[in-house]
Ligand SMILES: [Zn+2]
């Protein structure tokens with residue numbers, strides 16, 4: 001469950017959304033007294049250093065005050081036990097925790113919000129929902145605040161996703177090849193270095209032998 005919670009957060013789900021999903025799936029909350037999950041239970045798990053193998057000590061502000069101390073004042077035993085959450089996943093969630101301004105971004109149909117601009121005006125597109133009440137059909141748009149041109153979200157999503165998946169496939173292959181080249185170069189370099197060291201060792205063997213015999217005779 002903890003791993004799932006970390007993954008959901010790294011995908012962009014908010015604390016509250018994760019709590020709702022867990023409640024919908026009837027996953028029992030950590031405390032048996034609790035009625036269900038809420039955003040603070042989820043947040044507590046996502047901020048708990050125990051899951052990355054660290055033991056936090058002296059986390060309370062004082063004996064009387066249970067409020068958590070600032071992060072940099074907490075005493076940490078690193079590598080205290082085997083971590084459940086890898087460093088990459090932890091760092092991703094911490095990044096989102098500090099960065100996230102637009103909470104519940106993943107719940108919005110406007111997934112390209114803050115990412116798309118008007119080609120002519122260079123303005124960030126704003127979102128507009130002109131769906132009349134009771135209408136089955138949705139009328140949702142991205143609009144330019146300057147020239148007022150608009151485009152339906154289906155149209156723009158379709159074309160951007162098609163383009164993105166095409167590029168993504170190409171890029172992956174390209175990076176695979178590049179990485180192979182780099183690793184091969186490293187391998188050659190290391191083999192050369194080992195050869196040089198071995199040759200050097202062979203060359204200097206007589207010298208070492210002599211030194212050892214001198215040391216022994218001087219005893
Ligand atoms: Zn415009």
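The values are calculated or read from the model by the stated rules, or taken from the named source; none is laboratory data. Here the structure is a predicted model, which means the values were calculated and not measured. For neighbour counting, all protein chains shown are included, and Cβ atoms are generated from backbone atoms with ideal geometry for every residue, glycine included.
A few points about this structure:
- Condition met for residue 115 (free of Cβ contacts under 8 Å to residues at least 40 places away in the same chain, assigned to a loop (DSSP other than H, G, I, E, B) and within 29 Å of residue 93 (Cβ to Cβ)): yes
- Filter pass, residue 115 being under 30 Å from residue 47 (Cβ atoms) and within 16 Å of the ligand (Cβ to nearest atom): yes
- Single match in 151, 156 (criterion: within 16 Å of the ligand (Cβ to nearest atom), closer than 30 Å to residue 130 by Cα and in contact (Cβ under 8 Å) with a residue 40 or more places away in the chain): 156
- The range 119-137, residues that are under 31 Å from the mean Cα position of the chain (by Cα), within 14 Å of the ligand (Cβ to nearest atom) and surrounded by 13 or more Cβ atoms within 10 Å (Cβ to Cβ): 123, 124, 125, 126, 128
- Residues being under 20 Å from the mean Cα position of the chain (by Cα), modelled with pLDDT of 85 or more and surrounded by 11 or more Cβ atoms within 10 Å (Cβ to Cβ) are represented in the range 53-69 by at least one member.
This table checks each residue for (1) within 20 Å of residue 86 (Cα to Cα); (2) outside any helix (DSSP H, G or I); (3) in contact with a strand residue (DSSP E or B) (Cβ under 9 Å, 6 or more places away or on another chain).
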site: 9; (1), (2), (3): yes, no, no
site: 13; (1), (2), (3): yes, yes, no
site: 19; (1), (2), (3): no, no, no
site: 44; (1), (2), (3): yes, no, no
site: 64; (1), (2), (3): no, yes, no
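- Only one of 207, 199, 180 that is more than 28 Å from residue 115 (Cα to Cα) and within 32 Å of the chain's Cα centre (by Cα): 180
- Condition check for residue 147: touching a strand residue (DSSP E or B) at 6+ places or on another chain (Cβ under 7 Å), surrounded by 10 or more Cβ atoms within 10 Å (Cβ to Cβ), at pLDDT 95 or above and under 22 Å from residue 110 (Cβ atoms): no
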